[in-house]
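Throughout, read-outs are computed from the coordinates displayed, never taken from laboratory work. Note that this is a predicted model, so its numbers are computed, not measured. FYI the Cβ positions are ideal-geometry reconstructions off the backbone, even for glycines, and counts take in every protein chain you see.
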């Protein structure tokens, strides 16, 4: 049996999939512990929701994608702005 390692979607800690504390949500996010998942019953529907489903924790990649769309810029344009700001 092989062991896979994941990065917790909340705290960023790496953990093995065989850990007794490892927790997965129906949304596909994975967590190092139930505390990081902060799962709650979603009102009687199938399964439970995690802190990411409920938008209590927002991953940096999701936030960045939102900001690109909101400001109508591409990643390349953002890099150019960053370099201009920091003098590269």
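What to note about this one:
- Nearest 10 degrees, 0 to 90: helix 60-70 Cα axis against the chain principal axis: 50
- Taking label positions 7 Å along the Cα-Cβ direction at both residue 86 and residue 71, the computed distance is 1.4 nm, reported to one decimal.
- Estimated FRET transfer efficiency (residue 41, residue 20; beta-carbon r; R0 22 Å; 0.05): 0.50
- Adding -39500 (n - 2.57) for every DSSP H run of four residues or longer, then dividing by how many residues the chain holds, sets the calculated 222 nm ellipticity at -8000 deg cm²/dmol.
- Rounded to the nearest 10 degrees, the angle from helix 75-85 to the longest Cα principal axis of the chain is 60 degrees.
- Matching label, Cα extents along the principal axes in Å computed from the structure shown, candidates (i) 48, 35, 20; (ii) 63, 28, 18; (iii) 36, 32, 26: (i)
- Top of 71, 15, 31 by mean-square fluctuation, Gaussian network on the chain, Cα under 10 Å: 71
- GNM top mover of 58, 35, 73 - the chain, alpha-carbon springs below 10 Å: 73
- Packing, as the average of other Cβ atoms within 10 Å across residues, places the peptides 21-27, 75-81 in the order 21-27, 75-81, highest first.
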